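Worksheet: one structure, shown below.
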Amino acid sequence: SGELFQSMAGVQLNHIPYRGGGAPVQDVVAGRVDLLFDSVTVARPQIEGGRLRALGVTSPEPSPLLPGVAPVARVVPGYEVTSWTAVAAPRGLPPDVAARLRSALLRVLKSPDVVKQLEATGGIVTPSADVQDTRAFVGTQVAKWKKVVRDAQIQQQ
């Protein structure tokens, strides 16, 4: 998220690698680090508690999870970083099995209880219209992040 922001906004940030968890949030709260890009799930409690100030959301539209926080794209046009999950099956899965699996997944994702649980962890349920849409979306995401990695000269570890 930070590398994409740097390239699109024409700024330079100093990347500080963390292993994850709450350490980066705590370092911003304590003033040891100036800013971070993190998920709503991790940052929201600190934002709601007044310990962090949300500067923007990385989705193209305002997030219902952080009302009143504008998208970064309003200042950096085209900037978008969202987390997503897709369900995949092995190549060659019989079409009737794939159709039943997709139907079952869509039915589950319409369940109010499931939607509520996903939203409680920062998720927004937006199932794709069809398999081709999902393939196209994944392809654009792979291309986008390959370019970010290449442009930032991030070494494979």
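The values are calculated or read from the model by the stated rules, or taken from the named source; none is laboratory data. It should be emphasised that the depicted structure is a prediction, and the values quoted were computed from it without experimental measurement. Reconstructed Cβ throughout: ideal geometry from the backbone, glycine too, with neighbour counts over all protein chains shown. These area figures cover heavy atoms from the full protein model, side chains too; ligands, DNA and RNA do not enter into them. Shrake-Rupley method; radii C 1.70, N 1.55, O 1.52, S 1.80 Å.
Assorted remarks:
- Per residue value of the accessible surface for the stretch 66-115 (all protein chains in place, 1.4 Å probe), Å²: 75 Å²
- For the stretch 1-131, the spread of Cα coordinates along the three principal axes comes to 55, 32, 30 Å, biggest extent given first.
- Working ranking of peptides 115-123, 15-23 by packing, defined as the average number of other Cβ atoms within 10 Å per residue, highest first, is 115-123, 15-23.
- Computed from phi, the 3J(HN,Hα) profile of the stretch 46-63 under the Karplus parametrisation 6.51, -1.76, 1.60 (θ = phi - 60°) reads 6, 5, 5, x, x, 8, 10, 10, 6, 8, x, 9, 8, 6, x, 10, x, 9 Hz, with x in place of Gly and Pro.
- Scalar couplings 3J(HN,Hα) for the stretch 109-118, obtained by applying the Karplus form with A = 6.51, B = -1.76, C = 1.60 to θ = phi - 60°, are 6, 8, 5, x, 5, 5, 4, 4, 5, 5 Hz; x denotes Gly and Pro.
- The stretch 83-157: radius of gyration and largest Cα-Cα distance (Dmax), Å: 15.8, 44
- Cα gyration tensor shape for the stretch 56-125, rounded if a/c is under 1.5, else prolate or oblate: oblate
- Between ASN14 and VAL75, the simple label model (points 7 Å from Cα in the Cβ direction) yields a spacing of 2.0 nm.
- Mean Cα-pair separation over length for the stretch 17-157, i.e. relative contact order, pairs under 8 Å, 6 or more apart, %: 12 percent
- Rounded, prolate or oblate (a/c below 1.5 giving rounded, otherwise prolate when a/b exceeds b/c) for the stretch 1-48 by Cα gyration tensor: prolate
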